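The values are calculated or read from the model by the stated rules, or taken from the named source; none is laboratory data. The structure presented is a predicted model; accordingly, all values stated were derived computationally and were not measured. FYI the Cβ positions are ideal-geometry reconstructions off the backbone, even for glycines, and counts take in every protein chain you see.
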Amino acid sequence: MAKYKFDGKYLKKGGTTIANVNGKYIRKGSGGSTVANISGDKVRKGSGGSTLINVSGDSIRQGSGGSTIAKMKDVRKIIDGPGGVTLAALWYCFIR
């Protein structure tokens, strides 16, 4: 069973809200500052910024190309919920 739950808006561990997703923006806690944004298959730092990771198939890669740092199948074992790139972004920013 996954340690974290994502309902499409909030990432929670038990009753604690770790992050929230509003459109393409990922914010810390239930409001908070913007940690990352999603643009296609890329996750960028803050509200613009450099590319943190990109998702290609089952691979999560560092930066714009880079080496594989994780697989989506492993992220899905940790976070229960919908999404592909969003789950990868939440994993990268708050769990790994």
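If you go through the range 9-49 and keep only what is among the aromatic types (Phe, Trp, Tyr) and more than 15 Å from Leu87 (Cβ to Cβ), you end up with just Tyr25.
Residues of the range 37-84 that are farther than 16 Å from Phe6 by Cα, basic (Lys, Arg) and touching a residue at least 12 places away in the same chain (Cβ under 8 Å): Lys42, Lys71. Going by what's in this entry, would Lys5 be described as in contact (Cβ under 8 Å) with a residue 12 or more places away in the chain, among the charged types (D, E, K, R), surrounded by 12 or more Cβ atoms within 10 Å (Cβ to Cβ) and in a strand (DSSP E or B)? The answer is yes for Lys5.
For the range 85-96, taking the residues that are among the hydrophobic types (A, V, I, L, M, F, W, C) and crowded, with 17+ Cβ neighbours inside 10 Å, the one that is nearest to Asp7 (Cα to Cα) is identified as Leu87. Here Ile78 clears all of (1) over 19 Å from Lys12 (Cα atoms); (2) modelled with pLDDT of 95 or more except the condition numbered (1). (1) in contact with a helix residue (DSSP H, G or I) (Cβ under 8 Å, 6 or more places away or on another chain); (2) surrounded by 17 or more Cβ atoms within 10 Å (Cβ to Cβ); (3) not small (Gly, Ala, Ser): which one isn't true of Asp41, the others all being true? Just one mismatch for Asp41, condition (2). In the condition set (1) in contact with a strand residue (DSSP E or B) (Cβ under 6 Å, 6 or more places away or on another chain); (2) more than 27 Å from Thr16 (Cα to Cα), Ile53 is compliant with all but (2).
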